[in-house]
Amino acid sequence: MTQLDYPAWLRIEHWLNVLFLTFLIRSGIEILAGFPKMYWRNHSLPGTEWARFTRRKHPPDKLHDTLDDEVSYSSLIALPGHRNLGMGRHWHFVTVIGWILLGASYWALLFATGQYHRYVPYSWEIFPHAWDDIVTYMSFRLPPPLPGQPLDAVQKLSYFGVIFLLAPFQILTGAAQSPAVEARFPWYVRLWGGRQSARSLHLLGLAAFAAFIVVHLLMVSLWGWGQLNALMIFGDVRDVSWAIGASMGIIVAILVLHWAATVWSLNSPRSVQKVLGWIILHARLGVLRPMRSRQDYSTRELSTEHRVNGKPPNSRAYQVLAVHGFVDWKVHVGGLVENPMTLDMAAIRGMADTQDQRTLHNCVQGWSGIAEWSGLPLRDLVAAVRPLPEARFICFLTAQDSGRDEPSAEGGGQFYEIIDLELATDPQTLLAYGMNGGPLPIKHGAPLRLRVETQVGFKMAKWIEHIEFVSAYDRIGEGMGGWREDNVYFDKDVEV
Ligand SMILES: Nc1nc2c(c(=O)[nH]1)N[C@H]1C(S)=C(S)[C@@H](COP(=O)(O)O)O[C@H]1N2
Ligand SMILES: [Mo]
């Protein structure tokens, strides 16, 4: 049998795992702060949460908008803390790429070197053994290791569970929260009981990881802190005091990295957004961008109440046009196109047969809802205006002025969002003018809003009045690809 020693790769990966896991946990808590309420059903209906991590309540009289749900956590638990969902997402996604690569190499090496014998149980006998071990621990004694093996039965089972069940579980429930994955494989999100159930399970997975870490540290101290540190540093027990020093050094280095990531994110979020965003973008475009939305929820699954993000335009012009159901609303479509157009709503409705789709909406904050959206497929509009070869992006300008309409938001100016022209080829990318069988309500973007079903909600501009085909966006706003990207450092291409 393989000798179950502690080869260098195992020791190195152990400490890298500490680094990645702690980054994942803190950035995950930052994401939780974006919407600190947990649900089981896709609708995330107010009042049906099974857990909440905020004490804040909202006055029921004003139009409730989900931005009001975001809370601020301390940097001690969240990366970076202080209400920075955009930064939390960047750290979570960049770390998860590293963690998945680490995990894949760990599994491969476990099997290639025979080290998997340490963790994979040989027989069902292990369960009664594990029970005996638990009883022994509870009487404050240490159980014997399994014959000829380094671990006792509960330890072996716990490591097996964490490495082969819990880690994949977190990756799979994480993937079930990606709008691109949900749009392309609606059965997959159903498998987890829906979007909110996947989110809840992901949080319970975090709780299981946290419990494992606490028990692991407790066990290491019970079994011999110095000796086990020596095994994890040098692979043998000769230099216990050096090993304790070295592992303390590694832990301090990890804490310094946490501190540096926090300070960098709080002081210079734009550069974090650019650097980490660049890494994440390439992973996304390779894996998630090719996914096309194929959603068709049943009418039974529609949410009775769909949450709202963003406050409607509070201008005289908008109010006046609303009085007559926006018959005079004009949408200018231009830029790098052969055939620019100015369309009223009747012209937009007349361009093609109305397409209806029942889809799951994912807000970046974490809530979801299902609605039926009706409108003009964006690709039909694209075909009608004929973009020039230089056109690469579509910019949606809206009638909403954030400073005027949403004074609590971090930033002002006209709300706009930019998508890659390529996203218009998705058959379910829609310019919606109807919702749930009626006209599009004002709070949901009347008279015209975008639906990009493979992306997160904030890309789907509401109250659209101008559509411009452009070759670059670096000189629009802060040059990050949209209002949210400019002002709250979200990522531009949000397939997760
Ligand atoms: N003009 C404008 N469009 C917007 C927003 C906004 O604040 N202003 N919020 C976005 C976000 S974050 C989400 S989740 C969706 C919410 O759509 P709903 O309000 O119809 O649910 O709209 C998006 N479109
Ligand atoms: Mo959102």
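Express the accessible area of region 299-488 per residue in Å², computed with a 1.4 Å probe while the remaining protein chains stay in the model.
That works out to 38 Å² per residue.
So for each of 399-408, 119-128 I average, over its residues, the number of other beta carbons within 10 Å; can you give me the resulting order with the highest mean first?
Details: 399-408: 17.0, 119-128: 12.5.
Ranked by mean Cβ neighbours within 10 Å, highest first: 399-408, 119-128.
Among Ile476, Ala446, Gln400, which residue has its Cα furthest toward the positive end of the charge dipole of region 299-488, with +1 on Lys/Arg Cβ and -1 on Asp/Glu Cβ?
Ala446
Could you go through region 146-151 in sequence order and give the Karplus-derived ³J(HN,Hα) for each residue, using 6.51 cos²θ - 1.76 cosθ + 1.60 with θ = phi - 60°, rounded to whole Hz, and x for Gly and Pro?
Here the 3J(HN,Hα) series is 4, x, x, 10, x, 10 Hz.
Measure out, as a whole number of angstrom, how far apart the alpha-carbon centroids of region 200-233 and region 409-442 sit.
Distance between centres, Cα-based: 46 Å.
State, to one decimal in nm, how far the label point of Arg475 lies from the label point of Ala8, with both points 7 Å from Cα in the Cβ direction.
Taking the two extended label points, one gets 5.4 nm.
If you find the alpha carbon centre of region 116-187 and of region 372-408, how far apart are they in angstrom?
After rounding, the separation between the Cα centres reads 49 Å.
What is the Cα centroid distance between region 466-494 and region 327-356, reported in whole angstrom?
Each part reduced to its Cα centre gives a spacing of 22 Å.
Please work out whether region 299-488 counts as rounded, prolate or oblate from its C-alpha gyration tensor, where a ≥ b ≥ c are the square roots of the eigenvalues and a/c under 1.5 means rounded, while otherwise a/b larger than b/c means prolate and anything else oblate?
Details: a/c = 1.24, a/b = 1.07, b/c = 1.16.
Since a/c stays below 1.5, the shape of region 299-488 is classed as rounded.
Ignoring ligands, DNA and RNA, please state the percent of accessible area on the chain from carbon and sulfur, probe 1.4 Å.
Working: 14380 of 22220 Å².
Reported share for carbon and sulfur atoms: 65 percent.
Positive end of the charge dipole of region 37-169 (Lys, Arg +1 and Asp, Glu -1 on Cβ, about the Cα centre): tell me which of Trp131, Asn42, Tyr119 has its Cα farthest that way.
Of Trp131, Asn42, Tyr119, it is Asn42.
For the chain, what is the mean residue ellipticity at 222 nm derived from helices alone (per DSSP H run of n ≥ 4: -39500 (n - 2.57); sum divided by total residues; nearest 500 deg cm²/dmol)?
About -14000 deg cm²/dmol.
Name the residue from Leu266, Gln365, Val382 whose Cα lies farthest towards the positive end of the charge dipole of region 237-391, charges +1 on Cβ of Lys and Arg and -1 on Cβ of Asp and Glu.
Checking the options against the dipole of region 237-391, the answer is Leu266.
I need the trypsin sites (Lys or Arg not before Pro) found in region 416-496, filtered to DSSP loop residues with at most 12 other beta carbons within 10 Å of theirs. Write out the running numbers ahead of the final one.
Details: sites: Lys443, Arg449, Arg451, Lys459, Lys462, Arg475, Arg484, Lys492; in loops: Lys462, Arg475, Lys492.
When the trypsin sites (Lys or Arg not before Pro) of region 416-496 are filtered for loop state and at most 12 Cβ neighbours within 10 Å, Arg475 remain.
Can you tell me the accessible area per residue over region 115-161, all protein chains present, probe 1.4 angstrom, in square angstrom?
It amounts to 60 Å² per residue over region 115-161.
Tyr318 accessible area, nearest 10 Å², 1.4 Å probe?
10 Å²
Using the Karplus curve 6.51 cos²θ - 1.76 cosθ + 1.60 with θ = phi - 60°, what ³J(HN,Hα) values do you get for each residue of region 210-226, in whole Hz, with x for Gly and Pro?
4, 5, 4, 4, 4, 5, 4, 5, 5, 4, 4, 6, 5, 7, x, 4, x
Magnitude of the Cβ-charge dipole of the chain, K/R +1 and D/E -1, about the Cα centre, nearest 20 debye?
Computed charge dipole of the chain: roughly 500 debye.
The values are calculated or read from the model by the stated rules, or taken from the named source; none is laboratory data. Since the model is a prediction, treat every value here as computed from it, not as a measurement. Here the Cβ is made from the backbone with ideal geometry for all residues, glycine too, and neighbour counts use every protein chain on show. Each accessible area value is taken on the protein alone, full model and side chains, heavy atoms only, with ligands, DNA and RNA left out. Shrake-Rupley method; radii C 1.70, N 1.55, O 1.52, S 1.80 Å.
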